[in-house]
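Read through the structure below, which is laid out as structure tokens, and then see the notes.
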Amino acid sequence: MPDQIPSPSVLFVCLGNICRSPLAEAALRHHAQEADLDVIVDSAGTGSWHIGKCPDPRSRAEALRHGIDIGAYRARQVGPKDFTRFDRIIALDQSNLADLRRIEPAQSRARLSLLLDHIPGMAGQDVEDPYFGGPEGFEVTWHQVSEAAQNLVEALLQERN
Ligand code: 4NP
């Protein structure tokens with residue numbers, strides 16, 4: 001019997017882990033399931049303010065509009081162990097990515113990238129933080145994380161084959 005190939009693993013990281021990265025986590029779980037791809041998915045924040053909290057109600061409502069309940073997600077802070085646990089750590093904006101590079105341990109095995117690097121033509125750009133705006137910002141976030149998640153699923157399927 002061939003050795004079992006381990007599932008790929010992806011961690012999404014934003015600032016608070018209550019608005020953007022939970023939506024990215026939900027989108028990747030959703031698209032991976034649709035493609036019958038086994039993937040370990042999680043999300044975290046660089047900050048500690050919201051540890052243990054549920055997603056922002058506006059994120060929860062946006063996910064529900066797409067048939068996904070993220071009410072059981074709980075915020076946590078990214079830490080050094082994440083760099084050896086996950087194959088890929090994907091930051092929602094450049095400030096998150098800079099913070100990740102600052103805490104990245106020497107033995108890190110994770111590939112770091114920006115979420116919008118996974119959408120052709122948008123590499124290097126930020127998923128804007130919708131926290132201080134209205135609900136329309138959450139809709140924009142959903143579209144971006146959903147498109148990136150679909151592309152990521154394609155890339156992971158190709159790596160698997
Ligand atoms: P997130 O959004 O990083 O997408 O979860 C934010 C959540 C909370 C705060 C800022 C951004 N805050 O300032 O508390």
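Annotation note: Cβ proximity below 8 Å between a residue of segment 40-67 that is within 18 Å of R85 (Cβ to Cβ) and modelled with pLDDT of 95 or more and a residue that is among the polar types (S, T, N, Q) and near the ligand (Cβ under 9 Å from one of its atoms) (sequence gap 6+ or interchain) occurs for S43/N17; S43/S21; A44/N17; A44/S21; G45/N17; G45/S21; T46/N96. Taking each residue of segment 118-139 that is under 16 Å from L92 (Cα atoms) and looking for partners that are within 16 Å of the ligand (Cβ to nearest atom) and of a type in the set (S, T, Y) with beta-carbon atoms closer than 7 Å, six or more apart or interchain, yields V127/T141; P130/T141; F138/S59. Taking the conditions (1) within 16 Å of the ligand (Cβ to nearest atom); (2) in contact with a Pro (Cβ under 8 Å, 6 or more places away or on another chain); (3) farther than 16 Å from A27 by Cβ in turn, F132 satisfies each one other than (2). Please specify each residue of segment 42-61 satisfying the condition of being in a loop (DSSP other than H, G, I, E, B) and more than 9 Å from the ligand (Cβ to nearest atom). Within segment 42-61, S48, I51, G52, K53, C54 qualify. Only one entry in R88, R60 is touching a strand residue (DSSP E or B) at 6+ places or on another chain (Cβ under 7 Å) and of a type outside the set (S, T, Y), namely R88.
When the residues of segment 1-41 are filtered to those that are of a type in the set (D, E, K, R) and within 12 Å of the ligand (Cβ to nearest atom), the one that is surrounded by the most Cβ atoms within 10 Å (Cβ to Cβ) is R20.
The values are calculated or read from the model by the stated rules, or taken from the named source; none is laboratory data. Because the structure is a prediction, the values reported are computed rather than measured. We place every Cβ from the backbone using ideal geometry, glycine too, and count neighbours over all the protein chains shown.
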